[in-house]
Amino acid sequence: MRKIIYGILCLVSMFCVVKVSATCSYSNSYNAVDGGGNIHYDGNSNYNAVFNYALGKWNDRGHVNIAEDTIFTEQDLEYYDDWAVNEPWGGAYAWVNPGIDYIIINTWKFAYLTTDERQMVMLHEWGHALSLAHSTTGNVMFRYITDQDTLGSQDISTYNCLWS
């Protein structure tokens, strides 16, 4: 059922775009940030530690508050595991307008990745949730999996351009 919903979400997200900023390099026009500058998330994964590592690194940048959803907040993002055999992607971000966005962790691919590579994938997917697009080598927003587990200069520059 989730795969069907995910497919529909991806199709819908191609046609529904909310403008963020046209002047920032390597940025998308969509994100999971609510009007108050927050991303409230919920979910569960076999890789919660990696998920939390990545959201902590983005939270350290300031400007956008990424926090667990509570009964007093409206959920903006959900994360969960999926088993996508023989798929090259380690994670995916699905934007839904309006609605709850998703970060999907491909546990089949994660089984073959090092801890650093897993952290890079989660940093990358959180980057998409924050409106960052694919960028150049040396950054977590590079489109291919590497063992870089820290934000690169272009990652930081784009984030600051969007949210400072």
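The values are calculated or read from the model by the stated rules, or taken from the named source; none is laboratory data. Just so we're clear, the structure is a prediction, and the values are computed from it rather than from any experiment. Backbone-built Cβ (ideal geometry, glycine too); neighbour counts: all protein chains shown.
Of all residues in segment 53-80, exactly one satisfies the criterion of being over 15 Å from the mean Cα position of the chain (by Cα), surrounded by 14 or more Cβ atoms within 10 Å (Cβ to Cβ) and among the hydroxyl-bearing types (S, T, Y), namely T73.
Name the helices (runs of 4 or more DSSP H) wholly within segment 48-164 that hold at least 2 residues that are under 24 Å from G36 (Cα atoms) and of a type in the set (D, E, K, R)?
Working: elements: 48-59, 107-110, 115-129, 153-163.
Of the helices (runs of 4 or more DSSP H) lying wholly inside segment 48-164, none has at least 2 residues that are under 24 Å from G36 (Cα atoms) and of a type in the set (D, E, K, R).
Going through segment 97-115 one residue at a time, which ones are crowded, with 20+ Cβ neighbours inside 10 Å, within 18 Å of D69 (Cα to Cα) and not acidic (D, E)? Selection gives Y102, I103, I104. In segment 116-142, the qualifying residues are those that are farther than 18 Å from N59 by Cα and β-branched (V, I, T), and the one that is surrounded by the most Cβ atoms within 10 Å (Cβ to Cβ) is T136.
Results for (1) out of contact with any strand residue (DSSP E or B) (no Cβ under 8 Å at 6 or more places or on another chain); (2) closer than 21 Å to N44 by Cα; (3) acidic (D, E), shown as yes or no for each residue.
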site: V96; (1), (2), (3): no, yes, no
site: I103; (1), (2), (3): no, yes, no
site: W108; (1), (2), (3): yes, yes, no
site: H128; (1), (2), (3): no, yes, no
site: R143; (1), (2), (3): yes, no, no
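Kindly indicate whether I8 is more than 16 Å from W126 (Cβ to Cβ), β-branched (V, I, T), at pLDDT below 90 and loosely packed, with under 14 Cβ neighbours inside 10 Å. So I8 passes the test. Can you pull out every residue in segment 143-164 that is closer than 20 Å to S29 by Cβ, in contact (Cβ under 8 Å) with a residue 12 or more places away in the chain and touching a Ser or Thr at 6+ places or on another chain (Cβ under 9 Å)? Q154, D155, S157, T158, Y159, C161, L162, W163, listed by residue number.
If the condition is being assigned to a strand (DSSP E or B) and either farther than 17 Å from H124 by Cβ or in contact with a Lys or Arg (Cβ under 6 Å, 6 or more places away or on another chain) (or both), then segment 29-42 contributes N38, H40, D42. Here W108 clears all of (1) closer than 18 Å to Y159 by Cβ; (2) out of contact with any Gly (no Cβ under 8 Å at 6 or more places or on another chain); (3) touching a residue at least 12 places away in the same chain (Cβ under 8 Å) except the condition numbered (1).
Look through segment 11-52, keep the residues that are of a type in the set (S, T, Y), modelled with pLDDT under 90 and touching a helix residue (DSSP H, G or I) at 6+ places or on another chain (Cβ under 8 Å), and return whichever of them is surrounded by the fewest Cβ atoms within 10 Å (Cβ to Cβ).
Ranking the qualifying residues of segment 11-52, first place goes to T23.
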